[in-house]
Amino acid sequence: MIPASFEYRRAGSVDEALALLRQDPDGTKLLAGGHSLLPLMKLRLATPGVLVDVGRIGGLSYVRDAGDHVAIGALTRHRDLETSDVARSEVPLLAHVAGQVGDPQVRHRGTIGGSLAHGDPASDLPAAVLALGGTLVVQGPGGTREVPVDGFFLGFLETALGPDEMLTEIRVRKGAAGWGFQKFNRRAQDWAIVGVAAVVGSDPRVALVNMGSTTVRARGVEEALAAGASPADAAARAAEGLDPPSDLNASTEYRQHLVTVLVRRALEGATTGRG
Amino acid sequence: MSATATEGATRVVGTRMLRREDPALLSGEARFVHDLVVPGALHMAVVRSPFAHARVTGVDLGAARAMPGVVAAFSGADLAGEWAAPMPCAWPVTADMQSPAHYPLAVDEACYVGDGVAVVVATSPAAAADAAAVVDVAYEELPAAVDLEAAASDAAAAHLGAPTNRAYTWELDPDPSAVAAAFAGAAVTVSERYVQQRLVPAAMEPRGVCVVPQPFGGEVTVYSATQIPHILRTMLGMTAGVPEERIRVVAPSVGGGFGSKLDVYAEELLCLALARRLRRPVRWTEERTEAAQATIQGRGQIQEIELAATADGRIQAVRARIVADMGAYLQLVTPGVPLLGAFLYHGVYDVPAYSFSCVGVFTNKTPTDAYRGAGRPEATYAIERAVDTLARTLGQDPAEIRRRNFIGADQFPYASVAGLTFDSGNYEGALDVALGLADYSGLREEQGRRRRTGTRMQLGVGLSCYVEMCGLAPSRVLASLNYVAGGWEAATVRMLPTGKVQVVTGSSPHGQGHETSWSMLVADKLGVAPDDVDVLHSDTAISPFGLDTYGSRSLSVGGTAIVMAADRVIEKARLLAAHQLEVAPEDLEYEGGRFSVRGSASRAAELGALAFAAFVAHDLPEGMEPNLEGSATYDPVNFTFPFGTHVAVVEVDTETGRVELSRYVAVDDCGNQVNPLIVDGQVHGGIAQGVAQALWEEAAYDEAGNLLTTSLADYLVPAASELPSFTLGRTVTPSPSNPLGAKGIGEAGTIASTPAVVNAVVDALAHLGVTSMEMPVTPERVWRAVRGAAGQSQVEQSQIEQSQISTTGGGA
Ligand SMILES: Cc1cc2nc3c(=O)[nH]c(=O)nc-3n(C[C@H](O)[C@H](O)[C@H](O)COP(=O)(O)OP(=O)(O)OC[C@H]3O[C@@H](n4cnc5c(N)ncnc54)[C@H](O)[C@@H]3O)c2cc1C
């Protein structure tokens, strides 16, 4: 529980953070809320030589209505997202999911940017963002680029972010007709054994938590919905093409069953407007 | 300087006084071992085996010694000369018990993942951890005994060269022919198999030790997060070869133990040996992963229980066969844990024939030892689950079948078939109160409604009627069980010149609230306010004699010693008062700190003033020594036998398998209560811990013997969010065995709750054909049970209605 030794640097701006990253991209890690990175370091599963603390960079914690989308600063804490009026009225799925992460301590420290950048398929916010659809704004040595969320999650703890890049803003689409979220765990503060974030309407999107090596979309369900299937019929296809993990909490087979139940419940909630 | 003794005349015993310990604990002012500031202390890190079983063929400490901040590093072989004896096991349950020598560091052979093989001492915890990471140990992996039943049949040897993995076989078979006859003639038999999974005690404060060499006054002070400072001192002396009188053990604030700190651990001995060798303070604080791997674990049994019953459900015989997982070594009382349950497999029922046997088996896993309830939760689980199966087999209501078999309130003191004398009880009384609080008939109606509509949320009601034995005693009975210690407790009560009171107890609290309870007992006795009573404990220099805190013994044994010591103070004060008032001692009446002359109440002497008179010693009766002080050591005449009924209500989602504990009713009887608020707290925590075994917790191992649940993210300790508010009730049946009339309550919640919850889950699904359920009851297990039962349920239902079957093979 004692991390390997490391150097600590605090960045005052995005540019400073990027400059520090550039010195040794592979030996350096950005530190936001620390609630994913520090546990790994304490178990010595991550041993970065340098930590660049971006937590105090000003101006990166916000939730703004930007017309067709809502823009969220990467350093926005889960608690601030959960309680944001803009999020609650324009992207209620996201506000709701932020309130389901871990426990109050975690929600007051963890950031949406850290949650997405970490790329853990067991995390909740990535699924919400994937279901809503949107774009991630990334800054790096070559300037700013926009990455569609559909191309962001590449593998287990692996994203489209380069080692010398920083995620600065998350943009999610407004105007979903209905949404549903289901999180199944054994204790309230735990990660989901399986989770489902669903958005219904003209472009239904269903994203799954902990059903593979990345946050994934339930393509079969989406197809069925687009073709007019009932929630129950669409949900029956939830595990299609997926190879979920087997661990102490659940076997692959059980996850495959659970996801069909949870997708159905999420869709039923979404269509009745109860979330 | 006169004290106002009469003000305290209001009695406090029996009131819900707030715990005086809590402000410091809640505000962070309490000082645990890790908080002690010890200048110049070195930090120890232990290098642990990553293999369940391996030969240690080389330990290269070169790289570690070269790391910055490192002061010294040692292998097991380097320190082999430090030990006067192997680490102690105080409970050799049979004369031929096998016990492989267990030293603080393994030398040639590592026997579980977490077994220490080397230590590093450095100037900071981080430097020690970094250096430990580069110690190069060469291992030759050996076949490991991991699965308990495979180990019992010696599939792989847990210790090289041992003739068998079996540590011992212990039997209690008072009348084998009666048991055989009962089974031969039984109208119904039940045969079940249960697995008691291993549990991690997970005290909030991990273990910690800090050994400080002293320039004068003894040789070393050992600060340890322990439940047993007195036992530890004796055992450290014997094992490390340090004269006992030169060791002082202090347990500062201790953040929970649940039995896991009722032990003598390698790290305590290592810090002691290293501090003496290096002549510097040496300290160590356990990491969470170490707490999972290298602190003892609880439970770990496979149980087979059989009942023989009449057609109307009267139990005629109980036969229990246990395989108990010792882990890799015998810790302080490891082999005795199953014996603490051995007498209780017939539970609260009046059973004429009884047979118990237990095989203790070594495996290459973390040693097991006493964990909250120690033996009694396992026994209670087996009988309470089996009785439910009997009820289902006969188509009877589980409450009704229990009533039919209870030991009657008029049968106490009850001589049990297993050879105990149950002190007092009214089992049906507790059941009635519990069923009333739970609205049992209303629950059954609601359950019927849900079954009829087939809704996905099914309701289950689980009962658990328990009796347990606690306050290990008397000493001569412990001798007959081969337990190498007594069952007494010591106390001193002294009045200070200002009329304030100092109490010294040999019991050693680690969260139970002894300071509050002891001060209440003494306040009532001496007629002072509880705040005027200071309670000193957990330091062998202050309380030289004691047997510490475990097994729900503190109040019934330690509290009785306190009251006896207070009585001695009063008796001495009576002589002084008689001297002052010029009357015979027998002519004085005593109440609330005041002696008055019988028939002439205005002629009186106050205890506070007497204390001052005894202190200045200007005018004492002939031959009286100065000061008012009394000491007592109490060795009880019997165990105490708390009992009660718990009712768990669960809602089970038959689609996902999720179990929600929606209501919980606990009616406990611990005799007279000194502080019902503290009793509530003990029951609350106990229930949470027992429910945790039922629903969440398991120390899971893979086939190679690696512990998989090494963090609190994987080992699911429940939080308040997982538990409903408990409905507590109490009946009061005083124990005749001690003057307080008190019984233990520290473990009752844990003992009762596990079977109540699992019975409730099975009850929720019984109509679907589910008859068994393993712990922990995970959603997946429930889902599989529902899925597996579907289809067969019609057949089984009709069989149950015919009620003539013998069921076999429950748990699986
Ligand atoms: C007890 C506990 C329970 C939890 N439960 C849940 C749960 O139920 N559901 C859930 O979803 N999560 C859960 N979490 C994780 C929590 O939400 C984390 O806060 C979140 O996943 C990571 O955010 P962070 O700000 O803490 O990131 P950090 O830990 O600081 O960083 C995580 C990773 O992202 C990188 N990073 C951070 N910010 C950026 C950025 N702006 N640009 C590029 N890279 C960046 C870091 O370098 C690091 O690799 C839990 C955590 C804990 C400790």
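What net charge is computed for the residues neighbouring A:Gly12, neighbours being all others with C-beta under 15 Å from the C-beta of A:Gly12, Lys and Arg scored +1, Asp and Glu -1? After counting each charged neighbour, the total is 0.
May I ask for the net charge around B:Leu463, where only other residues with Cβ less than 15 Å from the Cβ of B:Leu463 are counted and Lys, Arg are +1 while Asp, Glu are -1? With Lys, Arg at +1 and Asp, Glu at -1, the neighbours total -2.
Across peptide A:250-258, the mean count of Cβ atoms from other chains lying within 10 Å of each residue's own Cβ comes to 4. Of all alpha-carbon pairs in segment B:313-410, indicate the percentage at a distance above 23 angstrom. When every Cα pair of segment B:313-410 is considered, 34 percent fall beyond 23 Å. Take every Cα pair under 8 Å whose residues are at least 6 apart in sequence, average their separation, divide by the length of segment B:162-277, and the relative contact order is 26 percent. Farthest toward the dipole's positive end in chain A, which of A:Val50, A:Pro204, A:Ser61, given Cβ charges of +1 (Lys, Arg) and -1 (Asp, Glu) about the Cα centre? It is A:Ser61, whose Cα lies furthest towards the positive end.
May I ask for the net charge around B:Thr731, where only other residues with Cβ less than 11 Å from the Cβ of B:Thr731 are counted and Lys, Arg are +1 while Asp, Glu are -1?
Values: positive: B:Arg730; negative: B:Glu428, B:Asp432, B:Asp668, B:Asp669.
Neighbourhood net charge equals -3.
Taking all Cα-Cα distances within the protein assembly as shown, those exceeding 49 Å account for 34%. Summed over both chains, the contact between A and B buries some 2300 Å² of accessible surface at a probe radius of 1.4 Å. Can you list the residues of segment A:168-212 that have at least 40 square angstrom less accessible area with all protein chains present than in their chain by itself, probe 1.4 Å? Correct list: A:Phe184, A:Arg186, A:Arg187.
Can you order the peptides B:71-82, B:493-504 by their average number of other Cβ atoms within 10 Å per residue, highest first?
Numbers: B:71-82: 18.6, B:493-504: 21.4.
Put in order of decreasing packing, that is B:493-504, B:71-82.
Here's the picture: charge each Lys and Arg Cβ at +1 and each Asp and Glu Cβ at -1 in the protein assembly as shown, and of B:Ser721, B:Leu232, B:Gly208 the one pushed furthest to the positive end of that dipole is B:Ser721. Normalised by 2.2 N^0.38 Å, with N the number of residues, the alpha-carbon radius of gyration of segment A:63-173 equals 0.98. As an equivalent ellipsoid, segment A:178-271 spans semi-axes of 21, 14, 10 angstrom, where each value is the square root of five times an eigenvalue of the C-alpha gyration tensor, largest first. Close amide H contacts of B:Asn675 (hydrogens built in the peptide plane, cut-off under 5 Å, sequence separation of 5 or more or a different chain): B:Gly14. Run the accessible area of the protein assembly as shown with a 1.4 Å probe and give the carbon-and-sulfur part as a rounded percent. Result for the protein assembly as shown: 51 percent of the exposed heavy-atom area is carbon or sulfur.
Here chain B is described by how far its Cα atoms reach on the three principal axes: 90, 78, 50 Å, from widest to narrowest.
Would you mind getting the accessible area per residue of segment A:172-275, heavy atoms of the protein chains only, 1.4 Å probe, in Å²?
With all protein chains present, segment A:172-275 gives 38 Å² per residue.
Sorting the Cα pairs of chain A by distance into bins of 10 Å, from 0 upward, gives 7, 31, 36, 20, 6, 0 percent per bin.
In segment B:111-145, which residues become less accessible by 30 Å² or more once every protein chain is in place, relative to the chain on its own, using a 1.4 Å probe? Output list: B:Asp130.
Probing with 1.4 Å while keeping every protein chain in the model, the per residue accessible area of segment A:7-52 equals 53 Å². Annotation note: chymotrypsin sites (Phe, Trp or Tyr not before Pro) in segment A:121-227 located in DSSP loop regions with a Cβ neighbour count of at most 15 within 10 Å are A:Phe156. Of the chymotrypsin sites (Phe, Trp or Tyr not before Pro) found in segment B:207-294, the ones in coil according to DSSP and having at most 12 other Cβ atoms within 10 Å of their Cβ are B:Phe216.
Basic side chains Lys and Arg get +1 at the Cβ, acidic Asp and Glu get -1 at the Cβ, and with that the dipole of segment B:1-128 about its Cα centre reaches some 420 debye. Once the 1.4 Å probe is applied to the protein heavy atoms, chain B comes out at 34 Å² accessible per residue. Considering only A:Gly162, A:Gly33, A:Gly119, give the residue with the highest GNM mean-square fluctuation for chain A, with springs between Cα atoms whenever their separation is below 10 Å. Comparing A:Gly162, A:Gly33, A:Gly119 in the GNM, the peak value goes to A:Gly162. Ranking B:Cys670, B:Leu712, B:Gln693 by how far each Cα lies toward the positive end of the dipole of segment B:660-715 (charges on Cβ) leaves B:Cys670 at the top. The residues B:Asp587, A:Asp164, sorted by heavy-atom accessible surface at 1.4 Å with ligands and nucleic acids left out, run B:Asp587, A:Asp164 from largest to smallest.
The values are calculated or read from the model by the stated rules, or taken from the named source; none is laboratory data. These numbers come from a predicted model, not from an experiment. A quick note on method: Cβ atoms are made from the backbone with ideal geometry, for glycine too, and the neighbour counts reach across all protein chains shown. Surface accessibility is based on the protein's heavy atoms, side chains included, excluding ligands, DNA and RNA. Shrake-Rupley method; radii C 1.70, N 1.55, O 1.52, S 1.80 Å.
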